[in-house]
């Protein structure tokens, strides 16, 4: 069963609120309707109320059970102005300057996320990546053990030979241009932690390179991936997060058991990896878009990791289905792992946001 189906079933039992700053966009409206129709939670659309209703009517979209907020007319606006001015980064800002920020729906949505008036946030459909990311990086705190904020893309594939579903997590596809070994360690551990949260299966993490287990290479990139592998193993052990980590590996050796065997690579990761960590943003972004274009697999993300609240910064080329699926992924992050995968005798009664 596809990952999106599994998580949708669980969201029906633990519905969440997802805020969309670009509420008038046609794809957002379509994704919000799907999210609401399937009873996965409450979509919150930000924007001009009249424009949202006009666009919805043109698409014959029913806005029932979809919340619309026009920030300037919101009862929360004045309180958000004061909260914004209280943030260390924006201290001393005048009311007029603060209002200029909050007139940007991405800032208003981020404050909703920060104050728990939304469980997750999805932006980027109509703005550049930097414009979508900036408010999140400025306002939302990092997780206590995370030194970096990064991103991942999720591919929900079907293997042509067996017909079995296969989920791949690729990182970092959108945030850190040239991560050092410590940042790669963070990317690997944070991506694997989210993979475990969503699938409940022990992640098999491959740190990728153009060589596999080279003993003689003095290339800086290879050395970086070797160091990151050792650091990631140590950090995963310290945090007691279940995952298998190996590197450096070529991508075919990481994914194909026959190639791994031919190259005499042993262990639980070669040939069976489901989390792929790339040496830099160029490689990750190119690989991610190539997989998307060539396979037309179910694609979700980029999803941010390392923050204390679930958020995604999607591509401007995302379809309504991509947006819907990404919303499901980040909404599922807001469900406690014990609620997503209850064990016999579990007596939890309420949701606890996973940070």
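The values are calculated or read from the model by the stated rules, or taken from the named source; none is laboratory data. Keep in mind the model is a prediction, meaning the values are calculated, not measured. Neighbour counts run over all protein chains shown; Cβ positions are idealised from the backbone, glycine included.
Filtered by the rule that a residue be more than 19 Å from residue 316 (Cα to Cα) and either crowded, with 22+ Cβ neighbours inside 10 Å or not assigned by TED's automatic domain parsing to the domain that holds residue 319 (or both), the stretch 12-32 gives a lone residue, 16. Those helices (runs of 4 or more DSSP H) of the stretch 6-111 in which 2 or more residues are in contact (Cβ under 8 Å) with a residue 60 or more places away in the chain occupy 26-37. The set of residues in the stretch 89-116 that are at pLDDT 90 or above and crowded, with 16+ Cβ neighbours inside 10 Å comprises 104, 105, 106, 107, 108, 109, 110, 111, 112, 113, 114.
Residue by residue, here is whether (1) at pLDDT 95 or above; (2) outside any loop (DSSP other than H, G, I, E, B) holds:
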{"position": "265", "(1), (2)": "no, no"}
{"position": "268", "(1), (2)": "no, no"}
{"position": "301", "(1), (2)": "no, yes"}
{"position": "327", "(1), (2)": "yes, yes"}
{"position": "355", "(1), (2)": "no, no"}
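Taking the criterion of being assigned by TED's automatic domain parsing to the domain that holds residue 170 and either within 27 Å of residue 22 (Cβ to Cβ) or in contact with a helix residue (DSSP H, G or I) (Cβ under 6 Å, 6 or more places away or on another chain) (or both), would at least one residue in the stretch 249-258 satisfy it? Scanning the stretch 249-258, I find at least one residue that is assigned by TED's automatic domain parsing to the domain that holds residue 170 and either within 27 Å of residue 22 (Cβ to Cβ) or in contact with a helix residue (DSSP H, G or I) (Cβ under 6 Å, 6 or more places away or on another chain) (or both), so the answer is yes.
Under the condition of being farther than 19 Å from residue 153 by Cβ and in contact with a strand residue (DSSP E or B) (Cβ under 9 Å, 6 or more places away or on another chain), the residues counted in the stretch 119-136 number 3.
Between 187, 154, which is surrounded by 15 or more Cβ atoms within 10 Å (Cβ to Cβ) and either more than 14 Å from the chain's Cα centre (by Cα) or in a strand (DSSP E or B) (or both)? One residue alone meets the criteria, 154.
Looking only at the stretch 200-226, which residues are within 25 Å of the chain's Cα centre (by Cα) and buried (at least 18 other Cβ atoms within 10 Å of the Cβ)? Scanning the stretch 200-226 gives 203, 204, 205, 206, 207, 208, 209, 224, 225. Restricting attention to the stretch 165-176, does a residue exist that is touching a residue at least 40 places away in the same chain (Cβ under 8 Å) and more than 27 Å from residue 279 (Cβ to Cβ)? Yes, that holds for at least one residue.
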